[in-house]
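Some notes on the structure that comes next.
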Amino acid sequence: MANPAETHDVLVVGGGPVGLTLALALVQSARGIRVGLVDRRPLSVPRDNRASAIAAGVRRVFEALGVWPQMVAEAQPITAMRITDSGLGDLSRPLFLSFEGDVAPGEAFAHMVPNRVMGQVLLDAAGPKIEVIAPAEITAWDSNAHAARLTLADGRVLAAPLVVAADGAQSALRQMAGIGVVEHDYRQIGLVTTIGHELAHEGVAYEHFRPAGPFASLPLPGNRSSLVWTEAAADAPRFLAMDKAQLALEIEAVMGSSLGAVSVEEDLAGFPLRMRLARDFVAPRLALVGDAAHVVHPIAGQGLNLGLKDVAALAEVVIDTIRLGLDPGADDTLARYQSWRRLDTSAMAMVTDGMNRLFSNDAAPVRALRDFGLGLVDRAGPLKAAMIRTAAGVSGNGPRLLSGLPI
């Protein structure tokens, strides 16, 4: 005899920041809603020394959910950005584009938030209000006219009108639902570490465009910065094999004198870079969010921000539906979510893909053209301001959470 299903109103699969934020948004916005959060690992604060760039619009999501004060205590505002372009043999790195100031008075266009802090704050806020089902391995997914069902390896069955896949780029739920992806391998490796440096960053982020790809330093509290840079897959092993002293010299050579002498605080990590877009963001009684729906090039630092925009849109659609006494997993509900998010994510994927192709190129005519274009943008105040607001996620008519408003 089959085990009876344990029922919920919504099941969220994946306990990262995207899944936790969605669970928190749902339980805070609908009294009595039963949300289950499923993860294949025990739910805990990540052992992660990295930090994430949180754009202003996404920061407003955290403000609306009441968790930003706990995050901002250990966050670093990004108050300016300097963009340079240089070839392999260049001795200088001329500045072609800079962004200064706030998206609104007193509102930085982004903050660097340590991943550990973000995870702890979200877990503390959401954990007591949801049912955590972890560690749990999902072996099957199916749906019918009334509910979706998850079968676990221990034989338990979970059911809900709506299941949300927030289980990452290799989403098992996306694959079980038969949703295909459009994918492109950049043949590049993203390299990540944290450095200490001699000079104060003063809240400035630097992005050096080099033939292999962008090299970004993002300010952290104190005289520290997070580095994220791109290398060709064939060249990355050389950097990964370096000791910290060698690596520090390489980093200083790229950065010039912008931050003075540097020290490498943690081992360099590398991950392959791909663009991956789900062909559909929804299936019957299933919605994809975050990396399960889209993975874009990190050149603009939009990966996590896109996932949290998904959360803002899906939470609003689901809560509006529940308040009307309707089915949160119905086809028309999910279609509204998909139409809200697919254009934005597809556009960002194309923008980041185009930027990577344009700037990962040392051909002299291409460099001359792009540097001329950067210079024009730098001198066009209204255009530059519009670009800042778009990157910060505060332009256009978006979900209420992106305006800092409760659902």
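Just for region 40-59: of the residues that are open to solvent by 20 Å² or more (accessible area, probe 1.4 Å) and in contact with a Gly (Cβ under 7 Å, 6 or more places away or on another chain), which one is nearest to P298 (Cα to Cα)?
The residue in question is A53.
Failed condition for T194, given (1) without any contact (Cβ under 8 Å) to a residue 40 or more places away in the chain; (2) assigned to a strand (DSSP E or B), with all others met?
Among (1) without any contact (Cβ under 8 Å) to a residue 40 or more places away in the chain; (2) assigned to a strand (DSSP E or B), T194 violates only (1).
So which of R149, R174 is modelled with pLDDT of 95 or more, in a helix (DSSP H, G or I) and of a type outside the set (S, T, Y)?
Selected residue: R174, the only one of R149, R174 that is modelled with pLDDT of 95 or more, in a helix (DSSP H, G or I) and of a type outside the set (S, T, Y).
Restrict the check to region 285-306 and report whether at least one residue is surrounded by fewer than 19 Cβ atoms within 10 Å (Cβ to Cβ) and at pLDDT 95 or above.
no
So, of the residues in region 178-205 that are within 26 Å of G256 (Cβ to Cβ) and open to solvent by 40 Å² or more (accessible area, probe 1.4 Å), which turns out to be nearest to the chain's Cα centre (by Cα)?
Only one residue fits best here, namely E202.
Matching residues to (1) modelled with pLDDT of 95 or more; (2) of a type in the set (F, W, Y); (3) in a loop (DSSP other than H, G, I, E, B); (4) at negative phi:
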position	(1), (2), (3), (4)
D310	yes, no, no, yes
A315	yes, no, no, yes
I322	yes, no, no, yes
L326	yes, no, yes, yes
G329	yes, no, yes, yes
A335	yes, no, no, yes
S346	no, no, no, yes
M350	no, no, no, yes
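Checking the conditions here, which among A169, A140 is in contact (Cβ under 8 Å) with a residue 12 or more places away in the chain, assigned to a strand (DSSP E or B) and open to solvent by less than 40 Å² (accessible area, probe 1.4 Å)? Please lay out each step first, then the result.
Numbers: A169 fails: assigned to a strand (DSSP E or B).
It is A140.
Looking at region 111-134, which of its residues are of a type outside the set (A, V, I, L, M) and either closer than 25 Å to S52 by Cα or exposed (fewer than 13 other Cβ atoms within 10 Å of the Cβ) (or both)? Even if it seems obvious, please write down each step before you answer.
First, pick out the residues of region 111-134 that are of a type outside the set (A, V, I, L, M): 111, 114-116, 119-120, 124, 127-129, 131.
Matches in region 111-134: H111, P114, N115, R116, G119, Q120, D124, G127, P128.
Could we say that S257 is surrounded by fewer than 18 Cβ atoms within 10 Å (Cβ to Cβ) and either out of contact with any Gly (no Cβ under 7 Å at 6 or more places or on another chain) or closer than 20 Å to L402 by Cα (or both) here?
In short, yes.
The values are calculated or read from the model by the stated rules, or taken from the named source; none is laboratory data. Note that the structure is a prediction, hence the values are computed from the model and not measured. Using ideal geometry, Cβ is built from the backbone for each residue, glycine included, and neighbour counts are taken over all protein chains shown. Accessible surface is based on the protein model in full, side chains and every heavy atom, while ligands, DNA and RNA are left aside. Shrake-Rupley method; radii C 1.70, N 1.55, O 1.52, S 1.80 Å.
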